[in-house]
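J.: Quick one: this structure, given as structure tokens, is what I'll be asking you about.
Please treat every number below as a calculation from the coordinates, not as lab data. Note that the coordinates shown come from a computational prediction; the quantities given were computed from them, not determined experimentally. Methodologically, a virtual Cβ is constructed for each residue, glycine included, from the backbone with ideal geometry; neighbour enumeration extends over all protein chains shown.
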Amino acid sequence: MSVDEAGTERADGGADESGWDVDPDDESGLAVLATVGRQIKAWRESAGLRAAEFGAAIGYGEDQVYKVEGGRRIPRPEFLDRADAVVGAGGKLSAMKQDVAEVRYPKKIRDLAKMEAKAVEILVYANHGVHGLLQTEGHARVLLETRQPFYPQDEIERGVAGRMARRSVFDRSPAPALSFVLEEAALRRPIGGRMEWRRQLERLSEVGQLRNVSLQMMPLDCETHPGMGGEIEVLKFGDGTAVGRSSGAFNGRPVSDPKQLGVLELRYGMIRAQALTPGATLAFIEQVLGET
């Protein structure tokens, strides 16, 4: 199925994509979409338009209109803008883009992004790849496209969008303290081909030069370290609380108990001590870029 950037129906007869499917377990998201759908339907009927006429006017199929109005489909921003113009809503439907903005991402991604947005310090050891906060769009897309069993294209697009939205953590003010340790193999694997690999390395170089970011690499010649059991992530908040998780501790469950967090921080501290310094890591990235 081929879909253009705006999500409109293609001339080759492919089905139009007005948005994303709704997660049936996302109660708060369903409530928002039900409200948005009712408003769209009310404005359409007030304008005296049948669903088919309305869809034709905004470039979407009748079935997609019914899905959006019934709260079963997440409308893209373009859908709301076009709908607003056609029914003469004076910006009221376009304004609902803010309500829909968060719902477009899977609930677990929204929950994670909310925690990251509140954190004053984030510690990350990624044991097998480039962490999501550091990925380029192309890198993230390739990873999602190669998962087994295959993700539907809808889920891939939502996953990529959600991952890119999380990168807003780098734009926050005041800036949080961010610390990342990546394995050398993650920097050497050309995921997505040579050009995408270069873009990913350039992104890492860019982020690693930010004053609030510490980016380190664990070299392959390090025989063993405390992260061999799995990734580690710890988020600390302004009120002194924190939450952490590691696939190599506490059965992979999120923990907030100070003693359990202490274990994760101890392991992370030892990992950082064994990794290359931030300066040496940036020099290594430049070296690899020169080799590509």
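J.: Against the longest alpha carbon principal axis of the chain, how many degrees, from 0 to 90 and to the nearest 10, is the axis of helix 153-166 turned?
T.: Tilt relative to the chain: about 60 degrees.
J.: Shifting gears a bit: Assign unit charges at the C-beta atoms only (+1 for Lys and Arg, -1 for Asp and Glu), then state the dipole size of the stretch 225-282 relative to its Cα centre in Debye, rounded to the nearest 20.
T.: 80 debye
J.: At R0 = 35 Å, how high is the FRET efficiency between Asn251 and Ala34 if r is their beta carbon distance? Nearest 0.05 is fine.
T.: E between Asn251 and Ala34, to the nearest 0.05, is 0.45.
J.: Within 10 Å of each residue's Cβ, count the other Cβ atoms and sort Glu116, Glu223 from fewest upward.
T.: Glu223, Glu116
J.: How large is the Rg to Rh ratio of the chain when both quantities use alpha carbon positions and Rh follows Kirkwood?
T.: Dividing the radius of gyration by the Kirkwood radius yields 1.05.
J.: Tell me, Glu45, Glu183, Glu196 in order of fewest to most beta-carbon neighbours within 10 Å?
T.: So the ranking, lowest neighbour count to highest, is Glu45, Glu196, Glu183.
J.: Tell me which chymotrypsin sites (Phe, Trp or Tyr not before Pro) from the stretch 146-188 have a DSSP coil assignment and no more than 14 other beta carbons within 10 Å of their own.
T.: Phe150
J.: Based on other C-beta atoms within 10 Å, arrange Val120, Val87 from fewest to most.
T.: The fewest-first ordering by Cβ neighbours comes to Val120, Val87.
J.: Count the net charge of all other residues whose Cβ sits under 12 Å from the Cβ of Gly37, scoring Lys and Arg as +1 and Asp and Glu as -1.
T.: Summing Lys and Arg as +1 and Asp and Glu as -1 gives +4.
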